[in-house]
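Encoded as structure tokens, the structure appears first; notes follow it.
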Amino acid sequence: MSKRSFSLRSPLDMHIHFREGAMMRRVAPLSAETFAGGVIMPNLVPPVDNLDRLSKYEREIRETVDGHAFEPYMTLFMRPYTESELASMKDRIIGVKLYPEGVTTHSEGGVGNLRDIEGTLALMEELDIRLMVHGESTDFVMDRERAFLPVYEDLAARFPRLAIVMEHITTRESAELLDRHENLSATVTLQHLLITLDDIAGGLLNPHLFCKPIAKRPEDREALLALALEAHPRLAFGSDSAPHPVDKKESAGCAAGVFTAPIALQMLVGLFEEHGALDRLQAFVSDNARRIYGVAPPEKTVVFEKTGAVIPERYGDVIPMYPGRELDWKVAEVR
Ligand code: DOR
Ligand code: ZN
């Protein structure tokens, strides 16, 4: 008989958008309910790029998830930093996130020319601060990640002691790059294991599946899924759960971002079960991240039961991925 119950220890989401204010109060507790920790992205307006902003943002998060065993791993928005700035914030962050200028939501203040941050990267390598990267160029939309790969190769080779995370990889080529440089690791989202461009734009346009980087071709999805199902040792789960109010999604000029935080784990259990890989899920959603990032999250056990559930149509004014869809697995207990 197939399994009816399954548990995960301290699942981690190594790429989340919590936003601020009312939106944070809506979404952050949903992550903190089941995840034991997560990497919090810094693309706010204005960005999280100094000690004062970092401290205030961290405090807001801790107040919002109070009562849950959840550790926020904070990040800084990349700009040229001085050594004393980095030294003062080093112990409070898990890394610095590089957004190339203009490639996604709130990246207007991102890096226009990589030469501007050469000195900062050298300091980060010296101070042992991780670099996290939104790896896209401004080429044709389906080619942006591929066009960025030489940048990863160049950085990995020139800064061999700099730990570099390729965030939310979406292509077969990125999956392959992981094995070529020891200082590279990657995160992958739920949606990029499940969908291709066809699901977004092949029929009626589905704004709730639109994100950056955009989902690619079937062979890309297959390569990413294979990497996740084997729990490749340098791959961690990062949902890139990115909430936007419904009027920003169901509109001309749809904002990029898929909201998956409250359903990601249940769906991963179903996906790994379907592929006979449930025994690898613990590594993919927790153990790999502990090792790659050197974190020790709070203890938490999430028990799933195969009794069926339905994805809510809405969480306030946020529509999740696959509203109304039936799931095999639900969260039965968190302890
Ligand atoms: O789809 C996305 N949404 N991709 C990103 O890189 C940013 C995110 C957001 O902040 O909404
Ligand atoms: Zn993101």
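The values are calculated or read from the model by the stated rules, or taken from the named source; none is laboratory data. Predicted model only: the values in this text are computed from it and were never measured. As a convention, Cβ positions derive from the backbone with ideal geometry for all residues, glycine included, and neighbour counts pool all protein chains shown.
For residues in the range 140-172 being hydrophobic (A, V, I, L, M, F, W, C), under 19 Å from the mean Cα position of the chain (by Cα) and part of a helix (DSSP H, G or I), which is surrounded by the fewest Cβ atoms within 10 Å (Cβ to Cβ)? Give the steps one after another, and end with the answer.
Step one: filter the range 140-172 for residues hydrophobic (A, V, I, L, M, F, W, C), giving 140-142, 147-149, 151, 155-157, 159, 162-166, 169.
Those still in the list that are under 19 Å from the mean Cα position of the chain (by Cα) too: 148-149, 163-166, 169.
Next, from what is left, pick out any that are part of a helix (DSSP H, G or I): 148-149.
Details: 148: 23, 149: 17.
In this case the residue turns out to be 149.
Is at least one residue of the range 23-31 at pLDDT 95 or above, of a type in the set (D, E, K, R), closer than 16 Å to residue 261 by Cβ and touching a helix residue (DSSP H, G or I) at 6+ places or on another chain (Cβ under 8 Å)? Don't jump to the end; show me each part of the working.
Step one: filter the range 23-31 for residues at pLDDT 95 or above, giving 23-31.
Right, trim to of a type in the set (D, E, K, R) and you get 25-26.
Still in the list and also closer than 16 Å to residue 261 by Cβ: 25-26.
If we keep only those that are touching a helix residue (DSSP H, G or I) at 6+ places or on another chain (Cβ under 8 Å) too, we end up with 25.
Checking the range 23-31: at least one residue is at pLDDT 95 or above, of a type in the set (D, E, K, R), closer than 16 Å to residue 261 by Cβ and touching a helix residue (DSSP H, G or I) at 6+ places or on another chain (Cβ under 8 Å).
Considering the range 205-231 alone, what residues qualify as being surrounded by 18 or more Cβ atoms within 10 Å (Cβ to Cβ) and small (Gly, Ala, Ser)?
215, 223, 228, 231
Any residue in the range 168-190 that is without any contact (Cβ under 8 Å) to a residue 40 or more places away in the chain and hydrophobic (A, V, I, L, M, F, W, C) sitting within a Cβ distance under 7 Å of a residue that is away from ligand 1 (no atom under 16 Å from the Cβ) and part of a strand (DSSP E or B)? List the pairs, counting only those 6 or more apart or interchain.
Here the result reads 177/184, each pair linking the range 168-190 to a residue that is away from ligand 1 (no atom under 16 Å from the Cβ) and part of a strand (DSSP E or B).
Listed residues 287, 247; which is away from ligand 1 (no atom under 16 Å from the Cβ) and surrounded by fewer than 20 Cβ atoms within 10 Å (Cβ to Cβ)?
Details: 247 fails: away from ligand 1 (no atom under 16 Å from the Cβ).
287 is the lone residue from the list that is away from ligand 1 (no atom under 16 Å from the Cβ) and surrounded by fewer than 20 Cβ atoms within 10 Å (Cβ to Cβ).
Can you work out which of the residues in the range 1-49 that are surrounded by fewer than 17 Cβ atoms within 10 Å (Cβ to Cβ) and part of a strand (DSSP E or B) is nearest to ligand 1 (Cβ to nearest atom)?
It comes out as 9.
Please pick out the residue among 271, 227, 281, 265 that is assigned to a helix (DSSP H, G or I), closer than 17 Å to residue 193 by Cβ and touching a Pro at 6+ places or on another chain (Cβ under 8 Å).
Of the residues listed, the single one that is assigned to a helix (DSSP H, G or I), closer than 17 Å to residue 193 by Cβ and touching a Pro at 6+ places or on another chain (Cβ under 8 Å) is 265.
Of everything in the range 180-216 that's more than 24 Å from residue 102 (Cα to Cα) and among the charged types (D, E, K, R), which residue is nearest to ligand 1 (Cβ to nearest atom)?
Only one residue tops the list, namely 199.
Where the second residue is of a type in the set (Gly, Ala, Ser) and part of a helix (DSSP H, G or I) and the first is farther than 16 Å from residue 174 by Cα and lies in the range 220-249, which pairs have Cβ atoms under 6 Å and are six or more apart or on separate chains?
What qualifies is 239/264.
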